[in-house]
Amino acid sequence: MSKQKQATSDHPVQAVAWQDGVIKMLDQRLLPGQETYHSLQSVSAVTHAIRDMLVRGAPAIGIAAAYGVVLAAREAYLSDRQDWRTAIEPRLRQLAEARPTAVNLQWAIDRMRQQFDRVQADPESILLNEAITIHEQDIAANKRMGELGAQIIKDAGNVLTHCNAGALATGGYGTALGVIRSAFANKTLDMVYASETRPWLQGARLTAWELDRDRIPITLIADSAAGYLMQSGSIDWVIVGADRIAANGDVANKIGTYTHAVSARHHGLGFMVVAPTSTIDVNTQSGHKIPIEQRPAGELLNHAGSAIAPNAVHAYNPVFDITPAALIDVIVTEKGVVHAPDEEKIRELLMR
Ligand code: MRU
């Protein structure tokens with residue numbers, strides 16, 4: 001076991017890391033009040049952490065899953081040295097089912113599985129190398145997307161972002177927030193509006209926390225205030241991440257993204273999606289085919305342990321929506337940018 005190996009990010013916020021043979025994970029449920037890290041030593045602990053959203057954000061889920069495969073292989077090898085490849089399968093199924101929408105989860109497991117053929121004896125060090133590579137490539141992709149996206153919005157003063165697509169949601173730096181960080185470094189950004197992102201409040205709790213730490217000017221708004229701000233000329237670009245991009249360029253992202261995209265188009269504003277190519281799922285033809293996660297009604301009915309609606313009422317809590325490609329001005333990836341995305345342009349991008 002190579003205890004010293006670790007992916008390195010120069011960003012102070014790290015959601016997931018491999019440290020001394022276990023996964024170190026920041027508990028995002030407790031932010032911004034508390035910065036608590038957990039040590040995860042089993043694949044079932046990683047599965048629960050993804051499902052219960054200690055870690056969230058598509059690329060960070062993928063990285064956690066990649067390290068989770070290392071733990072799964074360790075468990076499988078301990079239980080059956082000869083046939084660990086069979087013993088690992090139920091563990092990988094459990095991991096893959098933790099959350100349905102972010103395709104990076106299955107992508108990371110598939111990529112880790114490609115290493116299985118190379119293993120002669122104990123699988124841990126080969127798999128750990130691959131997980132660290134996935135982690136490092138994600139950080140590099142974020143930096144590249146940051147540069148590319150910042151070039152596109154160079155005349156923008158104010159941007160709106162939704163949910164959290166920052167260092168917390170990735171290997172480090174961020175996708176949408178990576179573009180925002182790069183634009184701020186280039187001095188082409190005046191203000192970031194963050195919509196609070198009901199019901200889990202990723203915008204209020206996580207994006208506001210991250211940007212404030214970096215001293216990037218941030219103004220928090222209620223989700224429902226976005227249309228008014230657009231109408232009054234306060235926003236130039238909407239910049240968001242993605243959980244899955246279908247083959248035709250439709251994008252699944254946090255619930256409320258579609259509403260922002262419709263409003264942006266109505267007001268003639270730019271709408272940018274920033275995501276690594278690991279988020280593109282060529283096996284899903286269009287957005288209609290993307291599974292949308294439904295989470296418990298209790299997340300809507302309660303806040304911080306107190307009821308904010310009668311608990312007996314029915315509540316509907318889909319946590320992602322689909323923004324059709326036609327409403328997207330540009331998708332930024334580490335391989336390059338796609339303006340007015342469609343199936344042909346996405347296919348061409350993936351061949352670069
Ligand atoms: O439910 P979450 O917090 O996992 O949803 C996260 C998002 O919707 C993000 O915008 C997306 O995963 C991209 S993160 C770089």
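Applying the selection to region 180-239, what residues are of a type in the set (S, T, Y) and either more than 19 Å from A169 (Cα to Cα) or surrounded by fewer than 17 Cβ atoms within 10 Å (Cβ to Cβ) (or both)?
Selection gives T188, T219, S224, Y228, S232, S234.
Every residue in region 159-183 that is within 10 Å of the ligand (Cβ to nearest atom) and assigned to a helix (DSSP H, G or I), please.
Passing the criteria: A167, L168, A169, A176, L177, G178.
Taking region 296-315 as the search range and keeping residues that are at pLDDT below 95 and either of a type in the set (D, E) or under 11 Å from W200 (Cα atoms) (or both), which one is surrounded by the fewest Cβ atoms within 10 Å (Cβ to Cβ)?
A304
Going residue by residue through region 240-261, is there one that turns out to be within 16 Å of the ligand (Cβ to nearest atom), surrounded by fewer than 18 Cβ atoms within 10 Å (Cβ to Cβ) and assigned by TED's automatic domain parsing to the domain that holds S306?
So far as region 240-261 goes, yes, one or more of its residues are within 16 Å of the ligand (Cβ to nearest atom), surrounded by fewer than 18 Cβ atoms within 10 Å (Cβ to Cβ) and assigned by TED's automatic domain parsing to the domain that holds S306.
Mind listing just one residue for me: the one in region 218-238 that is assigned to a loop (DSSP other than H, G, I, E, B) and without any contact (Cβ under 8 Å) to a residue 60 or more places away in the chain and, of those, nearest to the chain's Cα centre (by Cα)?
Among residues in region 218-238 that are assigned to a loop (DSSP other than H, G, I, E, B) and without any contact (Cβ under 8 Å) to a residue 60 or more places away in the chain, the one nearest to the chain's Cα centre (by Cα) is A222.
Can you give me the ranges of the strands (runs of 3 or more DSSP E) entirely in region 265-338 with at least 3 residues that are within 17 Å of P100 (Cα to Cα) and within 16 Å of the chain's Cα centre (by Cα)?
320-323
Run down A7, A49 and say which single residue is crowded, with 18+ Cβ neighbours inside 10 Å, within 25 Å of A76 (Cα to Cα) and not assigned by TED's automatic domain parsing to the domain that holds I109.
Going through A7, A49 in turn, just one is crowded, with 18+ Cβ neighbours inside 10 Å, within 25 Å of A76 (Cα to Cα) and not assigned by TED's automatic domain parsing to the domain that holds I109: A7.
Mind checking which residues of region 98-123 are without any contact (Cβ under 8 Å) to a residue 24 or more places away in the chain and within 16 Å of the ligand (Cβ to nearest atom)?
Within region 98-123, just Q106 meets the criteria.
Name the single residue, out of those in region 341-351 being of a type in the set (A, V, I, L, M, F, W, C) and under 22 Å from the mean Cα position of the chain (by Cα), that is nearest to S182 (Cα to Cα).
L349
Pairs please, first residue from region 334-352 and at pLDDT 95 or above, second anywhere and basic (K, R) and not in a loop (DSSP other than H, G, I, E, B), Cβ atoms under 6 Å, 6+ apart in sequence or on different chains.
Close Cβ pairs (under 6 Å, with a partner that is basic (K, R) and not in a loop (DSSP other than H, G, I, E, B)) amount to E334/R144; V338/K345.
For every residue, the table says whether it meets (1) surrounded by fewer than 14 Cβ atoms within 10 Å (Cβ to Cβ); (2) in the same structural domain as G174 (by TED's automatic domain parsing); (3) closer than 26 Å to G305 by Cβ.
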| position | (1), (2), (3) |
| --- | --- |
| H11 | no, no, no |
| G21 | no, no, no |
| K24 | no, no, no |
| D27 | no, no, yes |
| L30 | yes, no, yes |
| L40 | no, no, yes |
| V43 | no, no, no |
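Might you check whether a residue that is of a type outside the set (A, V, I, L, M, F, W, C), in contact with a Lys or Arg (Cβ under 6 Å, 6 or more places away or on another chain) and assigned to a loop (DSSP other than H, G, I, E, B) occurs anywhere in region 9-17?
No.
The values are calculated or read from the model by the stated rules, or taken from the named source; none is laboratory data. All values reported here derive from a predicted model rather than from experimental measurement. Here Cβ is always computed from backbone atoms with ideal geometry, including for glycine, and neighbour counts include all displayed protein chains.
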